[in-house]
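Heads up, the thing below is written out as structure tokens.
A short reminder: the numbers here are calculations on the coordinates, not readings from a lab. Not measured: the values here are computed from a predicted model. Cβ coordinates were reconstructed from backbone atoms using ideal geometry, including for glycine residues, and neighbour counts include every protein chain displayed.
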Amino acid sequence: MIISASYRTDIPAFHGAWFNQRLDAGFCTVKNPYSNKISRVALNPCAVDGFVFWTRRLGGFMTTLDRMSDRGTPFVIQFTVTGYPKALEPAVVDWRRAVDEIHEATSRHGPRAVVWRYDPVFLSDITPASFHIDRIAEIAEQLAGATDEVALSFAHLYRKTRKNTERAAARHRFSWADPDVDEKRSLLATLSDTVSRQDIEATLCAQPDLLTPSLRPARCIDSDRLSDVAGRPVTSRQKGNRPGCLCAESRDIGAYDTCSHGCVYCYAVSSRDAAKQRIRALSPSSERLHPSDA
């Protein structure tokens, strides 16, 4: 089984000690956010075909990646780097530092081990189309040779993300918009063309209605990429998480509301303050994120 760690939170940034203890134990438990059912997930090398990590900061997690590499467990890092203003991403590491971490990770584990995510594309009067074109060109230039793919998508404006965005817009006095399909396609095509100059392929995450000739669908949980990292076949059936998702089957071991980056458009956090409290309360020896979910 492929383990996703995690599209519900940033385990490398906030929960590295917990993850390492779960590796030592050989398992974790996960609470289904919809049914509340608790299940046990094996994490020992015999049970795990590979890991996919989702993060905006690796930091001290580099040693954990080295540990997994030493034990022969392949992994891919989905590393988000956008460089948005603090009004949208109040606690995200500077994009230049994130780029340095990607270079360090790929120097240790190879360029197929990291996928850059410029995700989501969020349009506002502080991040207009021109901002995205300039910023993605700047980041792509710095990442040339360190990764061969950037995953794109436009923000999904769920009820809680809309609420958080409207609250931030009022606080920081910016306006934002969800553009029409044609405007989205046009910008995505431009972004794709921009990164291609650095030999980086742009893919589109689970938004088939926005595909353009220069964009192929993304496979964020990608058994082929894991196979390249492992140097041996990693097989898994396709089982997407939502319509248009082409990801391989995986088990996610994270929990919502346990990331405190504070990105206003984030679907995984209802309240940054609540997430910060959960992180402080978490015991690294707990079987799952978060122990008060019992």
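For the range 94-193, the list of trypsin sites (Lys or Arg not before Pro) that fall in a loop by DSSP and count at most 16 other C-beta atoms within 10 angstrom reads Arg173. Each of the peptides 140-148, 4-12, 249-257 was scored by the mean count of other Cβ atoms within 10 Å over its residues; in descending order, highest first, they stand as 4-12, 249-257, 140-148.
Add -39500 (n - 2.57) for each DSSP H run of 4 or more in the chain, then divide by its residues: what number comes out at 222 nm, to the nearest 500 deg cm²/dmol? Before the final figure, lay out the partial values.
Working: 9 runs with 101 residues, N = 294.
Mean residue ellipticity at 222 nm (helix-derived): -10500 deg cm²/dmol.
Overall, the chain carries a charge dipole of about 1200 debye about its Cα centre when +1 sits on the Cβ of Lys and Arg and -1 on the Cβ of Asp and Glu, all other atoms neutral. Note on Ser285 and Glu249: the model spin-label points, each 7 Å out from Cα along the C-beta direction, lie 3.6 nm apart.
How much length would be gained if the chain were fully extended between Glu183 and Thr212, taking 0.36 nm per residue of separation minus their Cα-Cα distance, in nm to one decimal? Walk me through the intermediate numbers first.
Details: separation 29, 0.36 × 29 = 10.44 nm, distance 1.20 nm.
Taking 0.36 nm per residue and subtracting the Cα distance, the gain is 9.2 nm.
Rounded if a/c is under 1.5, else prolate if a/b is larger than b/c, else oblate: which is the range 70-129, with a ≥ b ≥ c the root eigenvalues of its Cα gyration tensor? Taking the square roots of the gyration eigenvalues as a ≥ b ≥ c, the range 70-129 is prolate.
Within straight-line reach of Lys37, meaning a Cα separation under 17 Å, sit the following aspartates and glutamates at least 8 residues removed in sequence or on another chain: Asp252, Glu287, Asp293.
Given Cβ point charges of +1 (Lys, Arg) and -1 (Asp, Glu) and nothing else, what value in debye, to the nearest 20, does the dipole of the range 180-293 about its Cα centre take? Don't skip to the end; give the middle numbers.
Working: 16 positive and 16 negative charges, 76 e Å.
So the magnitude is around 360 debye.
For the range 22-129, applying the loop criterion from DSSP together with a ceiling of 11 other beta carbons within 10 Å to the chymotrypsin sites (Phe, Trp or Tyr not before Pro) yields Tyr34. Calculated from the alpha-carbon coordinates, the chain shows an Rg and a Dmax of 18.3, 52 Å respectively. Taking amide H as placed 1.01 Å from N in the peptide plane, Arg216 has its amide H under 5 Å from the amide H of Leu204, each at least 5 places away in sequence or on another chain. The residues packed around Arg225, meaning those with a beta-carbon under 10 Å from its beta-carbon, carry a net charge of -3 if Lys and Arg are +1 and Asp and Glu are -1. Note on the range 179-256 and the range 1-60: Cα centroid distance 21 Å, given to the nearest whole angstrom. Legend: distances between Cα atoms for Lys31/Lys86; Lys160/Lys184; Lys31/Lys160; pairs beyond 27 Å are Lys31/Lys86.
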